[in-house]
There are 4 protein chains.
Amino acid sequence: MKDIDELKKRVCEANKTLLASGLAALTWGNVSGLERKEGKMAIKPSGVDYEDLAADKIVVLSLASGEVCCGDLAPSSDTPTHLEIARAFTAAGAIVHTHSPYATAWAQTGMALPCLGTTHADTFCGDIPVCEQLTAEEAEKDYEANVGKAIVARFSDENLDPGRMPAVLVPGHGPFLWGETPEDAVKNAIVLEEVARMAHLTFSLRHECPRLPEYILKKHFNRKHGPDAYYGQKAT
Amino acid sequence: MKDIDELKKRVCEANKTLLASGLAALTWGNVSGLERKEGKMAIKPSGVDYEDLAADKIVVLSLASGEVCCGDLAPSSDTPTHLEIARAFTAAGAIVHTHSPYATAWAQTGMALPCLGTTHADTFCGDIPVCEQLTAEEAEKDYEANVGKAIVARFSDENLDPGRMPAVLVPGHGPFLWGETPEDAVKNAIVLEEVARMAHLTFSLRHECPRLPEYILKKHFNRKHGPDAYYGQKAT
Amino acid sequence: MKDIDELKKRVCEANKTLLASGLAALTWGNVSGLERKEGKMAIKPSGVDYEDLAADKIVVLSLASGEVCCGDLAPSSDTPTHLEIARAFTAAGAIVHTHSPYATAWAQTGMALPCLGTTHADTFCGDIPVCEQLTAEEAEKDYEANVGKAIVARFSDENLDPGRMPAVLVPGHGPFLWGETPEDAVKNAIVLEEVARMAHLTFSLRHECPRLPEYILKKHFNRKHGPDAYYGQKAT
Amino acid sequence: MKDIDELKKRVCEANKTLLASGLAALTWGNVSGLERKEGKMAIKPSGVDYEDLAADKIVVLSLASGEVCCGDLAPSSDTPTHLEIARAFTAAGAIVHTHSPYATAWAQTGMALPCLGTTHADTFCGDIPVCEQLTAEEAEKDYEANVGKAIVARFSDENLDPGRMPAVLVPGHGPFLWGETPEDAVKNAIVLEEVARMAHLTFSLRHECPRLPEYILKKHFNRKHGPDAYYGQKAT
């Protein structure tokens, strides 16, 4: 269980970072982390203030069944969404949901967040997709699981690689992101909010704005990711 | 009088929270709290800086007559508005008025603040209504009481439930909110400012923006409020 | 000279408040104060960082001649503008100039800042006027004095009362404000920036936005100013 | 080597200022400094957090060859851009690149940042130019050096004086700036972000906005720069 204890600490810290980095007001956001060898997910308890979070309040569930296996508190109400994403995107080690204002504004428009610059391309290899709005039937029963299914369906329909596009917008709701670790996933959420803000500023200056050429987009993404990356220091 | 002393402390703290949370600059905002068993309202004194507030400066009035029964200072000039709201919305335990910038901008447009997302729906069950602008006659005499009457009339005319819609915009002026306690009412003011900002960002990206479907709105509101709520921890 | 020493202290503090309140970045803003009995103006030295200001660095000039009578440093390059305003608006005890972003944006549009709400009306009795842009000749020689003359001409042409309208926008430049004391003038600058921001937010939501009715404007201004004011505590 | 040690300290501090002044999030920005007598450039290492920077981590390269002559870390991936600028603009003593949000938004529009006011004219003698977007071939090979060449070409084509226009926008990317010292260059970046913000606010109020008259632009720039400057204190 040492790995789980370590995971709970990191998930706790990552949740607190949402508040510190301005991504989440009140209790609006949650981070989960995965221990895939043990088939477990650790996630924020529902409705608990970030200031009151501690590692021992993080809830641990079975990734397969969703049943709580450790912790006295109820898990985040968004847990079924996290579970659907975690089951489908098997390279993800952590998932984040926020209501950060600029990303949420894009989600509320129902439009994909276009790649307008290299700040975006350094982290996200293309436009940030929007999944379908749920039907009334999908919202009525298993709402949160159906949000997750709509996300997975969008990636499957458009043949998107969740390793190169670690973000999605749920229309009328907000963003979900993922990464290899809780720290990565939160960093992706910080970058998404920043590029959502830059795209907002750009659109309000020039609505018919040029897209970043595909070859610059690829150049920047591949400068930081994959076998030919040359940004940063070589690991030693 | 123990209850009144406790109320004065909480009303004092809630007023200070307006400044700390960025909802009020200078002296632009006020919180009142109600002790309905004793028929009393406690409210911020007029024009006093938040830094200089202390529980013993909070003014206590008769809810029925509006007459000051305790305190050396003059009550907020908006007191008659608070009294009208308190008398009509009998479940409210506290009332807040601010000039927070995004909510005030919506009030200045004269348009209702539309429900564009789940952040809004989690707290407010529908669009935030705007009351009627006062006539010259209504502004001339008993101005502040007439603002309160216009608010109450809007809820009555549109058959709105103040328990499910704890906010209103006064056109050309700003928002009024309420809640069960001073802390609740201030929390509602924080949420309103945040969703007013998100709606502003959304509108400037896409003016003809989709509304949140009614079934998602209801799903989210009822997830947090009422008998079928399942957000947060079960009270023990 | 005791009054002058006191004035230098207050002018120094008021200049530092520009930085603390976010109205001025770098060295972009200046406050002057007047000791009319002695015919003196105290003003910020040119190009000195706010952090480095001290009362003994404040420059004192003759209001009549503009000649420095005390201090080793050169006065603000905007001094001739302050002098023109001080000579014409004889009730003013202090003058402020800033490049605060929202007020400057309105100045850059060349449009008056319309009164859209009570936050504005509580301090400014009408739209914030814009003076004329200088001609090439006026800019070439005595530029800063001619800015001041353009301000005074606008108030004279439109029969504006500087006591009820303590602000003006210089097109393509930024705002000038005044008040009875250095603290009042800076407070007016804080309010102007806030209402400029609210008007900006309102315009971006609804370009054809309703003006605040004249009778509400007057009601709010007179609630706080003049013989029938009833806001705040009675002076004792 | 004393000069180089001093330069590394100042370049280190200037990089940290990017974070402190809000110009750079995460690791998005870099400052280089030049010791032209020794033919050296000192620059931020690639991908290192600002908090972890220290003078001994600053990388020193040959200005002529671009080869690292001191330091264990890889230099910023933007180094070839800095080198091209440094070789062409021989009066520059330091270069800055940021992704600050307002300047980046203008870069993303592909439009020059127009001079709308005196805040702009005090530092930049005209509109901030945008260089050409690279072709696919230019992006494929020697991408970063080609960005630098596109910047230099724009100044050459339009006969711009880098001493009077210490800034450029790279389309779809962000700004580059320069100055006599690392502190000057960072100060120019702070001013650019502020005027980019003011221009954004102005455009969203009035899209067909008046330009600052050329004679006011020149008046303000020359008030602060060149032989007839009269802003600030005379050097003694």
Label 7 Å beyond Cα on the Cβ vector: residue A:3 copy-to-copy distances, nm: 5.7, 5.7, 8.1
Residues in the range A:120-139 that, when all protein chains are in place, have 50 Å² or more less accessible area than the chain alone would give (probe 1.4 Å): A:133
Charge-dipole axis of the protein assembly as shown as Lys and Arg at +1 and Asp and Glu at -1 on Cβ define it, positive-most pick from D:117, C:96, A:173: C:96
Note, ³J(HN,Hα) from phi for the range A:25-35, Karplus 6.51, -1.76, 1.60, rounded to Hz, x at Gly and Pro: 9, 6, 10, 8, x, 7, 10, 10, x, 10, 10
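Could you work out the local net charge near residue A:108, counting Lys and Arg as +1, Asp and Glu as -1, over the other residues with Cβ closer than 12 Å to its Cβ? Could you put the intermediate results ahead of the total?
Details: positive: B:197, B:206, B:211; negative: none.
Residues close to residue A:108 contribute a combined charge of +3.
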Accessible area (Å², 1.4 Å probe, nearest 10) - residue C:147: 10
Inter-copy label distances at residue A:66 (7 Å, Cα→Cβ; nm, one decimal): 5.4, 5.4, 7.7
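I'm checking a number: the convex hull volume of the Cα atoms of the range B:88-209, normalised per residue, in Å³. What is it?
Numbers: hull volume 12.3 nm³, N = 122.
Residue-normalised Cα hull volume stands at 101 Å³.
Charges only on Cβ, +1 for Lys and Arg, -1 for Asp and Glu: so what's the dipole of chain B about the Cα centre, in debye to the nearest 20?
Values: 24 positive and 33 negative charges, 171 e Å.
Approximately 820 debye in magnitude.
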Beta bridge orientation in the range B:2-225: antiparallel %, DSSP, nearest 5: 95
Residue-wise HN-Hα coupling along the range D:104-111, computed from phi with Karplus coefficients 6.51, -1.76, 1.60 (Hz; x: Gly, Pro): 5, 4, 4, 4, 5, 6, x, 9
Formal net charge of residues neighbouring residue A:61 (Cβ-Cβ distance under 10 Å; K, R +1; D, E -1): 0
For the pair C and D, total buried accessible area rounded to nearest 100 Å², probe 1.4 Å: 2800
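Skip the ligands, DNA and RNA, and give the accessible area per residue of the range A:2-225 with a 1.4 Å probe, whole Å². If you can, show how the numbers build up before the last one.
Values: 8000 Å² over 224 residues.
Accessible area per residue, the range A:2-225: 36 Å².
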Overall Cα dimensions of the range B:2-225 - principal axes, largest extent first, Å: 52, 38, 32
In the range B:102-179, trypsin sites (Lys or Arg not before Pro) in a DSSP loop with at most 15 other beta-carbon atoms within 10 Å: B:141, B:164
Angle between chain C longest axis and helix C:79-88 axis [Cα atoms, degrees, rounded to 10]: 60
Vicinal HN-Hα couplings computed from phi for the range C:123-137 (Karplus, 6.51 cos²θ - 1.76 cosθ + 1.60; Hz; Gly/Pro x): 10, 10, 7, x, 5, 7, x, 10, 7, 6, 5, 5, 7, 4, 5
In degrees, nearest ten, helix B:143-157 long axis to first principal axis of chain B (Cα): 40
Charge-dipole axis of chain A as Lys and Arg at +1 and Asp and Glu at -1 on Cβ define it, positive-most pick from A:155, A:64, A:220: A:220
Share of carbon and sulfur in the accessible heavy-atom surface of the protein assembly as shown [1.4 Å probe, %]: 49
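For every helix of n ≥ 4 consecutive DSSP H residues, a contribution of -39,500 (n - 2.57) applies; sum these over the protein assembly as shown, divide by its total residues, and give [θ] at 222 nm rounded to the nearest 500 deg cm²/dmol. Don't jump to the answer; show the numbers that get you there.
Values: 32 runs with 388 residues, N = 944.
Only helices count here, giving -13000 deg cm²/dmol.
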Rounded tilt (10° steps) of A:214-224 against the dominant C-alpha axis of chain A: 50
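What per residue convex hull volume, in Å³, do the alpha-carbon atoms of the protein assembly as shown yield?
On the way: hull volume 173.8 nm³, N = 944.
Measuring per residue, one finds 184 Å³ for the Cα hull of the protein assembly as shown.
Might you report the magnitude of the Cβ-based charge dipole of the range A:1-64 about its Cα centre, with Lys and Arg at +1 and Asp and Glu at -1, to the nearest 20 debye? Numbers along the way, then the final one.
Numbers: 10 positive and 10 negative charges, 44 e Å.
Roughly 220 debye for the range A:1-64.
Rounded to the nearest 20 Debye, what is the dipole magnitude of the range A:95-184 about its Cα centre when Lys and Arg each give +1 and Asp and Glu each give -1 at the C-beta?
Details: 4 positive and 14 negative charges, 36 e Å.
The dipole of the range A:95-184 has a size of about 180 debye.
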Net charge, residue D:12 excluded, C-beta distance under 9 Å - Lys, Arg +1, Asp, Glu -1: +4
Pseudo-label separations to other copies for residue A:135 - Cα-to-Cβ vector, 7 Å, nm: 5.2, 5.2, 7.4
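The values are calculated or read from the model by the stated rules, or taken from the named source; none is laboratory data. Predicted model, so just to flag it, every value in this text is computed and none were measured. Because the Cβ atoms are built from the backbone with ideal geometry, glycine has one as well, and the counts that use them run over all protein chains shown. Heads up: the accessible areas ignore ligands, DNA and RNA and are worked out on the full protein's heavy atoms, side chains in. Shrake-Rupley method; radii C 1.70, N 1.55, O 1.52, S 1.80 Å.
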